[in-house]
Amino acid sequence: MGAGQDSDRGANGTAGAGALEQPNLVAPVDVPALSVRFWVLVAATGVLAGLAGAALMVLLHATAHLTYSYRSGSFLTAVERAGAVRRVAALAAAGAVAGIGWWLLRRWTGPGGSEVSTALWRDEGHLPLRRSLGTAVLSVVIVGMGASLGREAAPRLAGAALASRLSDWARIDTAHRRLLAACGAGAGMACVYNVPLGGALLTLEVMLGVLSLRLVLPALATSCIATAVSWTLLPTGPTYRLPEVPLSASLTVFAALIGPFAGLAAVGWVRMVRVAHEHRPAGWRSVVAPLLVFTAVGALAVPYPQLLGNGKDIVQLALGAQLAVPALVALLFLKPIATAGSLGSGASGGLFTPTIATGALLGALAGQGWTLAWPAPAAGFAVIGAAAVLAAAMQAPVAAVVLMLELTRTIDALMVPLLFAVTGAVLVSRRLDTPSIYSVRLPAQ
């Protein structure tokens with residue numbers, strides 16, 4: 001114990017009692033102390049990320065309304081009412097918007113990437129503002145038109161880009177720039193899903209890869225500020241409605257057994273994302289590929305309208321046990337293929353909700369068989385599967401559990417089963433040396 005305390009004292013550069021009593025206060029060596037000016041930037045980042053996230057979600061809703069006459073409630077209901085021909089036409093139009101839009105954006109903004117992960121891990125927190133905001137707008141528009149991609153990529157990117165621009169204005173050093181950009185990305189995610197704690201943990205566990213007390217505070221501050229700002233325009237309730245699930249020995253045993261299988265499913269999903277990203281088209285193919293792929297997804301949506309959008313309605317159907325076994329099997333294969341294909345066509349979008357949807361489908365399908373031998377609440381199976389696959393795919397077990405808690409607000413009795421499943425899934429994925437869905441999208445060096 002004494003040796004550990006001495007090393008902590010040396011790392012912090014002081015012999016104060018605080019350093020001895022709280023060794024986690026010692027931040028990574030590349031992050032200096034946080035000044036008053038930095039905290040002002042943290043507050044500004046939270047406000048800007050909240051406003052940007054809210055504006056992007058308003059644009060998403062407006063696009064869905066124009067495309068499918070969607071007003072409120074379930075997006076799937078609006079898609080089903082639109083009819084088969086309109087689904088195919090809408091996805092073909094989304095493919096055209098994606099292909100032409102990103103081609104024009106690259107021509108107008110010049111060189112430079114607009115991936116948050118690349119900016120944080122390779123480019124010292126630098127993000128081009130025009131390219132990033134343009135990418136965010138295009139991403140939200142095509143998701144509103146039915147693209148099988150997540151909506152979170154846009155507010156994450158906008159929050160990080162705005163933080164990067166603030167860093168340029170304030171002329172802060174590289175370590176603080178990277179921290180502020182990560183906080184902006186987490187805040188953008190937090191405000192659109194109303195998950196302030198989950199957004200902060202994404203900042204730390206996924207984007208920075210460290211849980212340090214010095215870094216926790218700015219991450220929490222930006223996410224909380226952004227979420228509060230977004231309440232002026234966005235709903236404040238949970239993303240998913242979950243019936244009350246009591247404590248259950250059946251679900252606990254199920255979770256311990258399904259965890260490794262969820263880890264294998266996450267490994268397959270991450271590898272699919274990697275292949276899709278490595279085969280993204282270039283040149284004139286980047287204009288044609290989205291049109292072809294999106295039209296194919298639209299054709300698949302004729303028998304399976306649940307494929308359109310980010311997958312939120314699939315999760316809700318799985319939670320409510322409203323999908324029969326044939327539909328569960330079909331969607332479990334088709335949703336990842338539709339999402340990976342859309343990403344591989346060159347479109348930019350998120351993978352957060354599609355990953356949750358894949359896990360919920362896996363859990364619900366496995367639960368259908370399990371409940372024949374040992375009955376348990378159906379919603380529990382879907383939540384357990386969703387959390388386990390999400391944790392293994394993001395390589396973020398703590399963030400995944402907290403996110404499911406905040407997204408549903410009602411899983412207190414499922415905490416122990418969730419932890420069993422998440423632990424098993426992450427152990428398997430790490431045993432197989434599987435990176436996260438974010439790191440596999442890094443450009444080759």
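The values are calculated or read from the model by the stated rules, or taken from the named source; none is laboratory data. It should be emphasised that the depicted structure is a prediction, and the values quoted were computed from it without experimental measurement. For neighbour counting, all protein chains shown are included, and Cβ atoms are generated from backbone atoms with ideal geometry for every residue, glycine included. Protein only, heavy atoms only, side chains kept; ligands, DNA and RNA dropped before computing areas. Shrake-Rupley method; radii C 1.70, N 1.55, O 1.52, S 1.80 Å.
If DNA, RNA and ligands are ignored and the probe is 1.4 Å, what is the ranking of F294, F333 by accessible area, most exposed first?
Final ranking, largest accessible area leading: F333, F294.
For region 222-352, what's the relative contact order in percent, using C-alpha pairs closer than 8 Å and at least 6 residues apart? Can you show the working numbers first?
Numbers: 60 pairs, mean separation 47.9, N = 131.
Value for region 222-352: 37 percent.
Using per-residue counts of other Cβ atoms within 10 Å, averaged over each peptide, order 193-202, 91-100 from highest down.
193-202, 91-100
If you count only protein heavy atoms and use a 1.4 Å probe, how large is the accessible surface of C224, to the nearest 10 Å²?
Accessible area of C224: about 70 Å².
Helix by helix through the chain, keep the DSSP H runs that span 18 Å or more along the axis on Cα and average at least -1.0 on Kyte-Doolittle, and give those back in order.
Passing helices, by number: 36-68, 84-109, 129-144, 153-170, 174-193, 213-230, 249-278, 285-300, 325-344, 352-373, 378-394, 415-431.
Suppose only helical runs count, i.e. DSSP H with n ≥ 4. What mean residue ellipticity at 222 nm does that imply for the chain under -39500 (n - 2.57) per run, divided by all residues and rounded to the nearest 500 deg cm²/dmol?
Rounded to the nearest 500, it is -23000 deg cm²/dmol.
Name the residue farthest towards the positive end of the dipole of the chain from the options A185, G99, A228, assuming +1 on Cβ of Lys and Arg, -1 on Cβ of Asp and Glu, about the Cα centre.
Projecting each Cα onto the dipole axis, the largest value belongs to G99.
What would the Debye formula give as log10 I(q)/I(0) at q = 0.08, 0.11, 0.13 Å⁻¹ for the alpha-carbon point model of the chain, no solvent?
-0.43, -0.83, -1.15
Sort region 164-257 into rounded, prolate or oblate with this rule: let a ≥ b ≥ c be the square roots of the eigenvalues of the Cα gyration tensor; rounded if a/c is under 1.5, and if a/c is not under 1.5, prolate when a/b is larger than b/c, oblate otherwise.
The shape class here is oblate.
Which order do you get for L331, L365 if you rank them by accessible area with a 1.4 Å probe, largest at the top?
L365, L331
Multiplying the sequence separation of R71 and V253 by 0.36 nm and subtracting their Cα-Cα distance, what value in nm do you get?
Details: separation 182, 0.36 × 182 = 65.52 nm, distance 4.14 nm.
Extending this stretch completely gives an extra 61.4 nm.
Any idea what the dipole of the chain comes to, in debye rounded to 20, about its Cα centre with Lys/Arg Cβ at +1 and Asp/Glu Cβ at -1?
On the way: 29 positive and 18 negative charges, 248 e Å.
Dipole magnitude for the chain comes out near 1200 debye.
For region 292-406, just the Cα set please: Rg and Dmax, both in angstrom.
My reading of the Cα-based Rg and Dmax gives 14.2, 46 Å.
Under the definition of Cα pairs under 8 Å and six or more residues apart, what whole-number percent is the relative contact order of the chain?
21 percent
With a ≥ b ≥ c taken as the square roots of the eigenvalues of the C-alpha gyration tensor of region 43-110, please select rounded if a/c is under 1.5 and otherwise prolate if a/b is larger than b/c or oblate if it is not?
Here region 43-110 falls in the oblate category.
Given a Förster radius of 35 Å and the C-beta distance between V275 and L213 as r, what FRET efficiency does 1/(1 + (r/R0)^6) yield to the nearest 0.05?
Numbers: r = 39 Å, r/R0 = 1.12.
Result of the calculation: an efficiency of 0.35.
Does a label point 7 Å from the Cα of V47, set along Cα-to-beta-carbon, have any residues of region 149-169 with amide nitrogen under 19 Å, and which are they?
Residues passing the 19 Å test: 158-169.
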